[in-house]
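Structure, as C-alpha cells:
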Amino acid sequence: MKHSQKDTEESARRITRRGLILGGAQVTFMAVLGLRMRYMQVEQADQFRLLAEENRINIRLIPPTRGLIFDRNGTPLAQNEQNYRIVIVREDAGDVEEALARVARLVPLSEEDLARARKEIMRRSAFVPVTIADRLSWEEVAEVAVNAPALPGITPEVGLSRSYPMGSDFAHVIGYVGPVSDYDLSKLENPEPVLQIPRFQIGKSGVEAKTEDLLRGKAGNKRIEVNAVGRVIRELDRTEGQAGADLQLTIDHGLQNFMQARLSAESAAAVVLDLNEGDLLGIASSPTFDPNKFVRGISVGDYRELTENPYRPLANKTVQGTYPPGSTFKMVTALAALQDGVITPGETVWCPGYLESGGRRFHCWKRGGHGHVDLNKSLEQSCDVFFYDIARRVGIEKITAMANTLGLGIRHDLPMSAVAEGLTPTKDWKSIYRGGDWVVGDTLNAAIGQGFVLASPLQLAVMTGRIATGRAVTPRLLKSIDGVEQASGRGEALEVNPMLLTHVRKGMYAVSNSRRGTGYRTRVVDEAMQLAGKTGTSQVRNITAAERARGVFRNEDLPWNRRDHALFVCFAPYDNPRVAVSVVVEHGGGGSTAAAPVARDIALRALYGTVPPLTAYPQNQRQAVGELFDKLPLRDPAAPQTVRTRV
C-alpha cells in the first residue's frame with residue numbers, strides 16, 4: 001500500500017517525539033544513578049571503607065538453655081547458673097600466644113588452663129570461639145572488658161553452667177553433664193553444630209544423658225559485626241533458640257536424702273517403690289559422690305579417690321548391680337509350685353537340716369533342721385530344705401517363668417545408665433552360655449536364690465510390689481515432661497491366682513511379726529504401719545565340706561569382700577500396701593541384722609513423710625534408734641525450699 005507524503009511526515013514526527021521522551025528518561029536515570037554513586041563514594045566513603053576494609057559479619061550460635069530437673073514436689077535438682085567466661089576467636093586474634101599472654105596478665109590462668117586452651121584452639125576451626133577461662137568473677141570479666149581494645153579476638157561472655165543443689169544425694173540418678181568430647185561426637189552420625197561449641201555441656205550419665213535430646217533444646221544464632229582486630233562492634237540481629245524441656249522426677253528429695261544418710265556407712269543400695277502409680281520415690285546407692293565436681297572439672301586426685309575406693313562410689317548399685325537374691329527369691333519358688341499345683345499351702349516337708357540329691361547334700365542354714373514345715377513356716381523361718389523339695393518337683397522352667405512374671409530377669413525401661421537385666425536361668429541358657437547340661441543341683445540352688453540367679457535392688461523392689469498388689473507394677477522415674485504427665489506404672493492384674501498371693505503375703509507377715517520370724521527384731525509396733533518382709537543372705541564364696549565339718553566361719557571373721565551379701569525386701573502397710581522397699585548391703589553378713597533395720601527405717605520414712613516417730617519401734621529399741629537418727633546428716637526439713645525457674 002502506498003502512503004501519501006503527508007502520512008510519511010506525520011509518522012516521522014511521532015518517531016522523533018518518542019525518541020526524545022525515551023532519551024530524556026535515560027538521561028534522567030543516568031543522572032540519578034550518578035548522583036547516588038557520588039553520594040555513596042564521596043559522602044559515605046568513610047563508612048563504607050570501614051565496612052569493606054575493617055569490618056565483617058560473623059554468625060555465631062547461641063547455646064540453648066538446658067532444661068531443668070525437679071523432684072516430685074517441685075524442688076530443683078538440676079539447674080542453671082550464670083557463668084562468666086573469656087573466649088578467643090583464632091582468626092581474629094592474630095598472634096594467639098600474645099593474646100593468651102595478655103589475658104593471663106588480667107585473669108588468673110594456670111599452665112594447665114593455657115595448655116588446654118592452646119590444644120582446643122588448634123583443634124577447632126579458626127572462626128570457632130574457644131573458651132580460655134570460665135567461672136570467673138564479675139571483677140575479672142570487667143577487667144577484660146575494659147581492656148578489650150588491646151585484646152583482639154578476645155571477648156568476655158555470660159553463659160550458663162549446670163549445678164546440682166542437692167549435691168551427692170541424686171548423683172547416681174540424675175548423673176552429671178560435661179563438655180562434648182571427641183568420643184561423644186564419634187557416636188553421632190550427623191552431630192548438631194551446637195555440639196561443636198567448645199565446652200558445650202551434654203549429659204554424661206544418668207537422667208542427664210538418657211534424656212539429652214529433651215533437655216538440650218535447640219540452638220539459636222546471632223549476626224555480629226566485628227572490626228579488623230576482632231572486636232565486636234555491634235550485634236545486628238539474633239534468632240533465639242528453643243530451651244530444653246523441664247523434667248519432673250517421681251523421687252521425693254526428703255526421702256532420698258534420708259536414704260543416702262541411712263546408707264552412708266555401707267556399700268549398699270535401696271529402692272522405694274510407690275505401689276499406686278509405680279513411682280520410684282527413692283533410689284539410693286552408697287557411697288555416692290558430688291556431681292558438681294565433674295561439671296567444674298574434677299581433679300586427678302579426686303577422681304583417683306573415687307575409682308580406687310573398694311566400695312565403688314561411681315557405680316549405681318540400684319540398677320547396675322546384680323546380686324544373688326538369696327532367700328528373698330523363695331517367694332518366687334513358692335508361687336511357681338503353688339500355681340503349678342505341685343504343693344498346697346498346708347502341705348508339709350520334713351527338714352532334717354539337709355536334702356540329698358545326686359549323691360550330694362544340700363544344706364539348710366539351720367544345721368539341726370526345722371522339722372515339719374509348711375509354706376507359712378518355711379517363709380517365716382526361711383527353711384531351705386522346703387524350697388529344695390518343691391523346686392525339684394516344679395522344675396526350673398516354671399520357676400523362671402514366675403520370676404519373669406514378678407519382674408525379675410527383665411530390663412525395666414528407665415532413663416538411667418546401665419540398667420541391668422539380671423539373670424533368671426533356663427536349661428537352654430546354660431547350654432548356650434555355659435556349654436553344659438542342666439542338673440538337678442542347679443535347680444535346687446536357684447530355688448533359694450543362689451547359683452546362676454541374679455537380680456538388682458530395683459528388680460527386687462518390683463518383685464515385692466507385684467506380690468503385695470497382685471498387679472504388674474512397673475517402675476516410673478519421669479513424672480512429667482514440661483508439665484505433661486507421663487504414663488502410670490500401676491499395671492494390670494497378674495496372671496497369678498490371688499489366693500496364692502495371699503498365702504505368700506501371710507508368710508512374709510510372719511517373717512516380720514512372728515516371734516520366730518527371721519525379721520522379728522525389725523518389726524513395727526504401730527499397727528497402722530506394720531510391714532511384711534523377707535530376709536535374705538547370699539553367699540559370695542563356696543563353703544567346703546571340710547569347713548562345714550569343723551564349723552563355718554562367721555562373716556565377721558572373714559575379710560570384708562568375702563562376707564555374704566545382706567538383703568531384705570518388704571511392703572507396708574500390710575493391710576493396705578502403699579510402698580515396697582528393697583535393700584542390699586554388699587558383704588553385710590546377715591539380712592536380718594544388716595539389711596532389715598535399714599529397710600524398716602526407710603519404709604517408715606516413706607510412710608510417715610518425715611523422720612519416723614520412735615513410737616513406731618519396739619520399746620527396747622527406741623533409745624538406740626533415736627541416737628542413730630540424731631547422728632544422720634539430714635538436710636533440715638524445716639528449711640525453705642526455693643523452686644527456681646529458668647535462668
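Quick notes on this one:
- Within segment 597-615, tally of residues that are touching a helix residue (DSSP H, G or I) at 6+ places or on another chain (Cβ under 7 Å) and closer than 16 Å to residue 261 by Cα: 10
- Restricting 444, 478, 460 to those that are within 19 Å of residue 322 (Cβ to Cβ) and touching a strand residue (DSSP E or B) at 6+ places or on another chain (Cβ under 7 Å) reduces the list to 460.
- Evaluation of residue 372 against the conditions (1) over 28 Å from residue 430 (Cβ atoms); (2) in a loop (DSSP other than H, G, I, E, B) shows that the sole unmet condition is (2).
- Verdict on residue 458 being part of a helix (DSSP H, G or I) and in contact with a His (Cβ under 7 Å, 6 or more places away or on another chain): yes
- Qualifying residue in segment 177-195 (condition: crowded, with 20+ Cβ neighbours inside 10 Å, out of contact with any strand residue (DSSP E or B) (no Cβ under 6 Å at 6 or more places or on another chain) and not small (Gly, Ala, Ser)): no
- Residue check, residue 28 of a type outside the set (A, V, I, L, M, F, W, C), modelled with pLDDT under 80 and part of a helix (DSSP H, G or I): no
- Within segment 371-395, the residues that satisfy the criterion of being hydroxyl-bearing (Ser, Thr, Tyr) and either on the phi < 0 side of the Ramachandran plot or over 39 Å from the mean Cα position of the chain (by Cα) (or both) are 378, 388.
- As a summary of the residue check, residue 563 satisfies the conditions (1) at pLDDT below 95; (2) over 32 Å from the mean Cα position of the chain (by Cα); (3) not acidic (Asp, Glu) except for the one numbered (2).
- Among the numbered conditions (1) in contact (Cβ under 8 Å) with a residue 24 or more places away in the chain; (2) farther than 21 Å from residue 508 by Cα, the only one that residue 381 does not meet is (2).
- Qualifying residue in segment 272-281 (condition: under 30 Å from residue 179 (Cβ atoms) and either modelled with pLDDT of 95 or more or aliphatic (A, V, I, L, M) (or both)): yes
- Listed conditions (1) among the basic types (Lys, Arg); (2) closer than 20 Å to residue 587 by Cβ; (3) over 24 Å from the mean Cα position of the chain (by Cα) are all met by residue 317, apart from (3).
- Any hit, segment 315-338, residues being of a type outside the set (A, V, I, L, M), assigned by TED's automatic domain parsing to the domain that holds residue 399 and over 30 Å from residue 267 (Cβ atoms): no
- Subset of segment 427-450 (residues that are part of a loop (DSSP other than H, G, I, E, B), crowded, with 24+ Cβ neighbours inside 10 Å and small (Gly, Ala, Ser)): 449
- Residues (part of a loop (DSSP other than H, G, I, E, B), surrounded by 17 or more Cβ atoms within 10 Å (Cβ to Cβ) and touching a strand residue (DSSP E or B) at 6+ places or on another chain (Cβ under 9 Å)) located in segment 481-537: 489, 490, 491, 494, 517, 518, 519, 524, 530, 531
- Output for segment 110-139, where each listed residue is surrounded by 16 or more Cβ atoms within 10 Å (Cβ to Cβ), of a type outside the set (Gly, Ala, Ser) and under 20 Å from residue 82 (Cα atoms): 129, 130, 131, 132, 134, 136
Per-residue answers, yes or no, for (1) within 24 Å of residue 337 (Cβ to Cβ); (2) part of a loop (DSSP other than H, G, I, E, B); (3) modelled with pLDDT of 95 or more:
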site: 452; (1), (2), (3): yes, yes, yes
site: 462; (1), (2), (3): yes, no, yes
site: 466; (1), (2), (3): yes, no, yes
site: 479; (1), (2), (3): no, no, yes
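- Scope segment 75-109; condition part of a strand (DSSP E or B) and in contact with a Pro (Cβ under 9 Å, 6 or more places away or on another chain); matching residues: 76, 77, 78, 79, 84, 85, 86, 87, 88
- Taking the numbered list (1) farther than 24 Å from residue 123 by Cβ; (2) in contact (Cβ under 8 Å) with a residue 24 or more places away in the chain in turn, residue 177 passes all entries but (1).
- Hits in segment 270-285 (condition: out of contact with any His (no Cβ under 6 Å at 6 or more places or on another chain) and either polar (S, T, N, Q) or part of a helix (DSSP H, G or I) (or both)): 276
- Cβ-Cβ under 6 Å pairs, at least 6 apart or on other chains, segment 597-611 side among the hydrophobic types (A, V, I, L, M, F, W, C), far side assigned to a helix (DSSP H, G or I): 598/262; 602/259; 604/616; 606/255; 607/529; 611/629
The values are calculated or read from the model by the stated rules, or taken from the named source; none is laboratory data. Being a predicted model, the structure only gives us computed values, none of them experimental. Please note: Cβ atoms are built from the backbone with ideal geometry, for glycine as well, and neighbour counts cover all protein chains shown.
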